[in-house]
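Have a look at the structure below, then the notes.
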Amino acid sequence: MNILVINCGSSSLKYQLINSESEEVLAKGLCERIGIDGSCITHQPKGGEKVKTEIAMPTHTQAVAAVIEKLTDEKVGVVKSLAEIDAVGHRIVHGGEKFASSVVIDAEVMKAIEDCNDLAPLHNPANLIGINSCKEIMPDVPMVAVFDTAFHQTMPEKAFMYAIPYKYYEKFGVRKYGFHGTSHRYVSEKMADLMGRKKEELKLITCHIGNGSSITAVKGGKVIDTTMGLTPLGGFMMGTRSGSLDPSVITFIAEKEHLTPEEMSKILNKESGLLGISGVSSDDRDVCAAEADGNMRAHLAHEMLYYQIAKYIGSYYVALGGCDGIVFTAGIGENQPMLREKVCDYLECLGVKLDKEFNKQATCGVTGTLSTPDSAIRVELIATDEEMVIARDTRAIVEAL
Ligand code: ADP
């Protein structure tokens, strides 16, 4: 079964065509600047070079049409016709409390996703546009929604409630939801496989450290706590996001600078984190280069990041009542050995012992066990694969239809 995985943003659309039996990625690509001048599609068939083509894509429907054109193209295509695409799996950011697992998309599900628009105003409307565009081009192909929030729905109330008047939970659903659920699910299940143990008997801490970052405590295969909150702004510092703060910091600055909630939100979401502290960049590679050049604010940004990650791991160790394994994943987690070394230095008090030599080599696609055999907690580097989870869920759901 060939599954088209779609991750649709407001002006971009990422895609992968996956053969779900062999789990081969047949092709992948990205449409950029949808609805803006200079839109283009970058397409890469399996084993082939990336091909970038400028195509007018005033709407997402035209972007989906461009994707299908590439996938069925004589030269760079990988299937003969649309008939060889058996199902579409959509990444949906916010499923609120309604979705604890992936579902086949029908009118009711569309409405429920729309009901969550308030909670993810940048993401859910774009995800819905992606679904509608695919429906226009492929009206008879079954589609499945896979939610970033779903894996976190097992959190107990004591973990997901905020200590503000209860009525805000009742009126607006203000609570912690958590994000990157598909990634945390993938790496926690993979970790259980690698350890040769059943997920039901494991206590794991998964660290997804990328542009956006979150850490999750997984007990017996179920999330008991995670760092992101009502929105992906919560938790610890990220590329441009502040992470959690003393709430008074927000009202204090807003009053001093006469800022609206929207302006304040922009500062916390787009101008904070690694970028805000270093003043250099939100991209960790740039922050690393600046730190190596002696930039003290880049150094401070890193010191803060390592400390915050270590503190969350420590608190989840207590929440879980111990820990069998820690996983690092995503752009920074997979490629920045210094971060893993500095975080693991803090964790020595928990009996973590890092194989520092292997940790240094483990970058750019090298994965494996980062801890020494006598470490009290196994530390693993696993490359995340959210698209594969979406393809697996889509296949399981469509096969059962
Ligand atoms: P997103 O949250 O957008 O999916 P990613 O998981 O791709 O983000 O992570 C992006 C971050 O990963 C950036 O800060 C980038 O610097 C870092 N990163 C990606 N590749 C490398 C690399 N080869 N070496 C060091 N850092 C990397």
Quiz prompt | Search result, residues across region 88-112 that are among the small types (Gly, Ala, Ser) and either within 21 Å of the chain's Cα centre (by Cα) or surrounded by 14 or more Cβ atoms within 10 Å (Cβ to Cβ) (or both) | solution = GLY89, GLY95, GLY96, ALA100, SER101, SER102, ALA112
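When the residues of region 311-349 are filtered to those that are within 16 Å of the ligand (Cβ to nearest atom) and among the hydrophobic types (A, V, I, L, M, F, W, C), which remaining residue is surrounded by the most Cβ atoms within 10 Å (Cβ to Cβ)?
It comes out as PHE328.
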Quiz prompt | Residue tally, condition part of a loop (DSSP other than H, G, I, E, B) and away from the ligand (no atom under 16 Å from the Cβ), over region 206-239 | solution = 4
Self-check item: Which numbered condition SER242 misses (of (1) within 16 Å of the ligand (Cβ to nearest atom); (2) assigned to a loop (DSSP other than H, G, I, E, B); (3) hydroxyl-bearing (Ser, Thr, Tyr); (4) under 24 Å from THR154 (Cα atoms))
Solution: (4)
Quiz item: For region 101-122, what are the residues that are in contact with a Lys or Arg (Cβ under 9 Å, 6 or more places away or on another chain) and either touching a residue at least 60 places away in the same chain (Cβ under 8 Å) or under 24 Å from THR227 (Cα atoms) (or both)?
Solution: ILE113, ASP115, CYS116
Quiz item: Looking at region 13-62, which of its residues are of a type in the set (Asp, Glu) and closer than 19 Å to ARG91 by Cβ?
Solution: GLU23, GLU32
Quiz item: Somewhere in region 114-123, is a residue modelled with pLDDT of 95 or more and either of a type in the set (Lys, Arg) or surrounded by 20 or more Cβ atoms within 10 Å (Cβ to Cβ) (or both)?
Solution: no
Quiz item: What do you reckon, is LYS28 in contact with a Leu (Cβ under 7 Å, 6 or more places away or on another chain) and surrounded by 14 or more Cβ atoms within 10 Å (Cβ to Cβ)?
Solution: no
Quiz item: Is there any pair with a first residue in region 144-170 that is under 29 Å from ARG392 (Cα atoms) and a second that is among the hydroxyl-bearing types (Ser, Thr, Tyr) and at pLDDT 95 or above whose Cβ atoms are under 6 Å apart and which are 6 or more apart or on different chains, and what are they?
Solution: VAL144/SER102; VAL144/THR394; VAL146/SER102; THR149/TYR177; ALA150/SER101; HIS152/THR226
Quiz item: Somewhere in region 181-202, is a residue of a type in the set (A, V, I, L, M), in a strand (DSSP E or B), crowded, with 18+ Cβ neighbours inside 10 Å and in contact (Cβ under 8 Å) with a residue 12 or more places away in the chain?
Solution: no
Self-check item: Subset of region 351-379 [at positive phi and either within 16 Å of the ligand (Cβ to nearest atom) or part of a loop (DSSP other than H, G, I, E, B) (or both)]
Solution: GLY351, CYS364, GLY365
Practice problem: Please report, ordered by residue number, the helices (runs of 4 or more DSSP H) entirely within region 257-338 with at least 2 residues that are acidic (Asp, Glu). | Solution: 261-270, 284-292
Exercise. Select from region 29-72 the residues that are of a type in the set (D, E, K, R), under 23 Å from VAL141 (Cβ atoms) and without any contact (Cβ under 8 Å) to a residue 24 or more places away in the chain and list them in ascending order.
Key: GLU69
Quiz item: Counting only residues that are in contact with a strand residue (DSSP E or B) (Cβ under 9 Å, 6 or more places away or on another chain) and not in a loop (DSSP other than H, G, I, E, B), how many does region 41-61 have?
Solution: 10
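The values are calculated or read from the model by the stated rules, or taken from the named source; none is laboratory data. What you see is a predicted model, and the numbers here were worked out from it, not measured in a lab. Here Cβ is always computed from backbone atoms with ideal geometry, including for glycine, and neighbour counts include all displayed protein chains.
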